[in-house]
Amino acid sequence: MNIEEEIQSSIRSLELDAADVNVGIAVEDVKEELASVDKEVVKEDAAQINSQPAVLEPKGKTKEMKVPEEVVELNETPENRKRHLNVVFIGHVDAGKSTTGGQILFLSGQVDDRTIQKYEKEAKEKSRESWYMAYIMDTNEEERVKGKTVEVGRAHFETENTRFTILDAPGHKSYVPNMISGASQADVGVLVISARKGEFETGYERGGQTREHVLLAKTLGVSKLLVVVNKMDDPTVGWSKERYDEIESKMVPFLKSSGYNVKKDVQFLPMSGLIGTNIKIRVDRSMCPWWDGPCLFEVLDAIEIPLRDPKGPFRMPILDKFKDMGTVVMGKIESGSVREGDSLLVMPNKVQVKVLSVHCDENKVRGAGPGENVRIKLSGVEEEDILSGFVLSSVEKPVGVVSEFDAQLQIIELLDNAIFTAGYKAVLHIHSVVEECEIVKLLQQIDPKTKKPMKKKVLFVKNGAIVVCRVQVNNLICIEKFSEFPQLGRFTLRTEGKTVAVGKVAGLLLSGTTGA
């Protein structure tokens, strides 16, 4: 017991001694600590001022504590990342677009084996064994049951130098408006053609989607086109060079007539989307001895597209919107850059908004530049006050807002017995806008050979004609002259499910003016 008492008393005395010492030196310690912290803060501030452009920010504890997080976000800006491209898969129904998209995601490691086995089992139960790869892109039940893409599927993958967003457009003629919204976001088009006997012919002949999709892609600004001849492994084809050459020889004249420079902007290659041949790794010579060109990934990685101006006026057509602790809008930045804290305008309503956050490929970033698909959270506007087709625009130089404009149109194919004249009605598709329109006046006809206006007065035109006309829409829309902003100045006219004309905006008739 005595030993225990001694131990207890010695512990108590040690505690008292420590308390005395602490009380004695506490004030000095605190002074020293504060001085050292101040020095460190001054050093850190000086280092940051030297390494970053000066940003005037309110001083205070909370601001200092947030510095490390902000630096992390700044390091994620697009300048420090791989370049980004949007690739749209287009072509006739059942050419294998979704299967090819699914295979690309599988080969680039975006989908694991277990998921593939699950899809394989699901496809077998529906007696559709060869559809399992398409299930990666076609996620809704209607698409899986019918085997037809309805909405534009969206997914991401990366190669060595590039981040890609895949846009899987529907091939069926009933869903062409959805295909237009997909193609209007794309930089590169992959035209998927089925080499299977009979399938290429069906897609290519009049009324087939191969032709319409190529025309629409060109009109919507898809400058580079990759023509992949798919299903080369099919028993009716068997990697036949003759079949591949036949398809290429039929497609080249048509691509030229659609406005593509085949030597510079178009590339052909054979592949199999279902078994993944010639997608990530070049096809084996034992399987296809006549092909010594690149595989799909190599071609996509090497494609060069014109650079957009990150310092231009900001333009982002709104594709979709939703509520998530605030109003979030989605779209592709066509010009300029956006950062957290920016003030922008939602046009045509002229509502001033502030950018709360920017997300790019699921990651929160401090800013994003042209060509990026982004989600932007805004304050100052309600979700129900925004419609698809509105444009997020810079305050200093807002986007043009009109209900009438002058346009140069090329008539492709009018419906039976129709003539194109004042009073003609159609549906206008321009960036993410879909609006009913009327031709109010034909101004002049252009000679297709000389590209100069004809002198005679024009009252009506037929198929193949090029005409300058005045177009009127019911509601205000956000557009730009083609010469200044090609992405917001190209459009198509459709009626009864057919594309009848493609065109570009020549002049804006702003309210209160007579011309532009």
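The values are calculated or read from the model by the stated rules, or taken from the named source; none is laboratory data. The structure displayed is predicted, hence computed values, not measured ones. Backbone-built Cβ (ideal geometry, glycine too); neighbour counts: all protein chains shown. Side chains are part of the model used for accessible areas, which takes the heavy atoms of the whole protein and leaves out ligands, DNA and RNA. Shrake-Rupley method; radii C 1.70, N 1.55, O 1.52, S 1.80 Å.
Points worth noting:
- Annotation: of all residues in the range 350-366 being within 22 Å of LEU488 (Cβ to Cβ) and modelled with pLDDT of 90 or more, the one that is most open to solvent (accessible area, probe 1.4 Å) is LYS350.
- Selection status of VAL440, open to solvent by 40 Å² or more (accessible area, probe 1.4 Å) and touching a Lys or Arg at 6+ places or on another chain (Cβ under 8 Å): yes
- Hits in the range 309-341 (condition: of a type in the set (A, V, I, L, M, F, W, C), modelled with pLDDT under 90 and not in a loop (DSSP other than H, G, I, E, B)): LEU319, PHE322, MET330
- Restricted to the range 384-435, the set of strands (runs of 3 or more DSSP E) holding at least 2 residues that are more than 22 Å from the chain's Cα centre (by Cα) comprises 400-411, 425-430.
- Within the range 106-115, the set of residues being buried (at least 16 other Cβ atoms within 10 Å of the Cβ) and assigned to a helix (DSSP H, G or I) comprises PHE106, LEU107.
- Pair list, Cβ < 6 Å and 6+ apart or interchain, from the range 478-502 residues that are of a type in the set (Asp, Glu) to residues that are at pLDDT 90 or above and assigned to a strand (DSSP E or B): GLU480/GLY400
- So ALA407, is it open to solvent by 20 Å² or more (accessible area, probe 1.4 Å) and either more than 23 Å from SER335 (Cβ to Cβ) or hydrophobic (A, V, I, L, M, F, W, C) (or both): no
- Residue within the range 454-469 that is open to solvent by 10 Å² or more (accessible area, probe 1.4 Å), in a strand (DSSP E or B) and of a type in the set (S, T, N, Q) present: no
- Exclusive hit being open to solvent by less than 10 Å² (accessible area, probe 1.4 Å) and more than 30 Å from LYS231 (Cα to Cα), set GLY371, GLY312, GLY341, GLY326: GLY371
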